[in-house]
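The values are calculated or read from the model by the stated rules, or taken from the named source; none is laboratory data. Since the model is a prediction, treat every value here as computed from it, not as a measurement. Backbone-built Cβ (ideal geometry, glycine too); neighbour counts: all protein chains shown.
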Amino acid sequence: MKKSTTAVIAVSTFGLGLGAGAVGMLAAGGTDSVSTSSSSANATGDWKKVDQVRQMIEQNYLEDVTDKELLDGALSGMAEVLDDPYSVYMDESETASFNTNLSSSFEGIGATLEQKGESIVIVSPIKGSPAEKAGIKPGDVILEIDGKSTKGQKTDQAVKKIRGEKGTNVVLTIQRSGQDAMDITIKRDTIPIETVYTSTEDVNGKKIGVLQVTQFSEPTAKEFEKGLAKLESQNIDGLVIDVRGNPGGLLTAVSSMIAPFIPKDVPIYQVENNKGERQQEFGKADEKKPYNIVVLEDGGSASASEILAAGLKEGAGAEVVGTKSFGKGIVQSAYDLKDGSDLKLTTNKWLTPDGNWIHKKGVKPTIEVKQPAYFNVTKILTDQKSLTVGDYGKSVENAHLVLEAIGYEPKGQNGYFGDTMKQAVEALQKDAKLDVTGKIDQQTAGEMETRLLKKLEDDKNDVQRKKALEVAAQ
């Protein structure tokens, strides 16, 4: 068995539409020797049962089944018995898809997911992806895929159903906290590999650089270095690093990205194995940066994103703005098998510079800022064909939030469709040149959702980003 040059720290077991989630590196490649302990030797006889069962199936099972199918099933079962959603056996095709995410584009919906109990949960959509454009949010629970329940499914099983060719549609039935279940249709597309976006903002006469990092893949570190150099050449007064919605990635990438910000005698992070042995990765900075550093995070920031946030928070004194991060503090290593298949296994936990373990806790922001409630609205009409006076419930509450957000104050009691809300709907319909009925039908709901999306895409309405820029300019 060979330990791959990739060791993963992804939040998800798989990424939607590509076969693997964000990945990371713990150590360089090389061959790992696998010793046989006395307990393993004594168990040899028990392992003969595996071959006996294989023969029984081959000789007596009613339907045809191949040796490969039986072997893959047995190996998958070994990983599943660990009861760890991050440890998984991948066959050749799954491994190829997994590796694709490291260095090239892929076709899918552009999101990562994980298994929580019997549920499949969205960790985060990728910036600009079909999933993001369709309104998928971190924390969404996938109840059904094309009308079929996901209850009790493994992550890889869900991924296979969601994957498909560019241009085809998949319908996800999702449950969002505090809302009714809803169907979201997503058209699969090619997901680009660009992972770092660079920009500047003038805040109170100061130039603030912004580096938005969407994931940590092979090109990310170089993209980040190039973007940072460009910003520093413009003599920026502050820097915002935005990892909101970033599900994680290569440990080597995040390590090299933040090392220049952290002093040489301060660890970037620490890793601890099953024997309690720790290794530390140290910073490379000779002196402190001449500008303020702010990290932007949210509940979709996971794994490598949390290493960045915690590393800069504890190691470089950076402020962290937003909401608490996802909370994944374990590391997976990928082991290549000779036939091209792969075993992804949890092997370490990672700790912050101060030795804190954030697993299932997350990195707490130094300045908590929540987005307005309308940021969580995806669809107005779920099971209903329309909303009208006298209706009440979550869909009406969402419609109220959207109308208010797009400039049509509905007034009245939130969650109840009253006369004042009807007047707001009529005003919208008149402005949009729709039939003025006062009812929210599919066409009116679509107009509301389109206007809301434009508002969400405007950075001026991003209160978390606005606060981060203000802090960086202090």
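Going by the conditions given, is residue 354 in contact (Cβ under 8 Å) with a residue 12 or more places away in the chain, in the same structural domain as residue 272 (by TED's automatic domain parsing) and in contact with a helix residue (DSSP H, G or I) (Cβ under 8 Å, 6 or more places away or on another chain)?
Yes.
I'm checking my understanding of the structure. Among residues of segment 164-188 that are surrounded by 12 or more Cβ atoms within 10 Å (Cβ to Cβ) and among the hydroxyl-bearing types (Ser, Thr, Tyr), which one is nearest to the chain's Cα centre (by Cα)?
173
Take segment 56-86 and flag every residue that is over 26 Å from residue 335 (Cβ atoms) and assigned to a helix (DSSP H, G or I).
56, 57, 58, 59, 60
So that you can scan it fast, the table gives a plain yes or no per residue for (1) crowded, with 24+ Cβ neighbours inside 10 Å; (2) farther than 24 Å from residue 235 by Cβ:
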| residue | (1), (2) |
| --- | --- |
| 279 | no, yes |
| 295 | yes, no |
| 306 | yes, yes |
| 310 | yes, yes |
| 317 | no, no |
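Which strands (runs of 3 or more DSSP E) does segment 152-242 wholly contain that include 3 or more residues that are touching a helix residue (DSSP H, G or I) at 6+ places or on another chain (Cβ under 8 Å)?
196-203, 206-213, 238-242
Restricting to segment 370-391, count the residues that are crowded, with 16+ Cβ neighbours inside 10 Å and out of contact with any strand residue (DSSP E or B) (no Cβ under 6 Å at 6 or more places or on another chain).
The total comes to 11.
Kindly list, by first and then second residue, each pair from a residue in segment 270-282 that is of a type outside the set (S, T, N, Q) to a residue that is exposed (fewer than 13 other Cβ atoms within 10 Å of the Cβ) and in a strand (DSSP E or B), limited to pairs with Cβ atoms under 9 Å and residues at least 6 apart or on different chains.
none
Taking the condition of being part of a helix (DSSP H, G or I) and in contact with a strand residue (DSSP E or B) (Cβ under 7 Å, 6 or more places away or on another chain), how many residues in segment 428-472 meet it?
8
Given the conditions (1) over 25 Å from residue 323 (Cα atoms); (2) crowded, with 17+ Cβ neighbours inside 10 Å, report the number of the one that residue 431 does not fulfil.
(2)
Among the candidates 208, 258, 236, which residue alone is in contact (Cβ under 8 Å) with a residue 40 or more places away in the chain, in contact with a Phe, Trp or Tyr (Cβ under 8 Å, 6 or more places away or on another chain) and under 26 Å from residue 473 (Cβ atoms)?
Sole residue among the options that is in contact (Cβ under 8 Å) with a residue 40 or more places away in the chain, in contact with a Phe, Trp or Tyr (Cβ under 8 Å, 6 or more places away or on another chain) and under 26 Å from residue 473 (Cβ atoms): 236.
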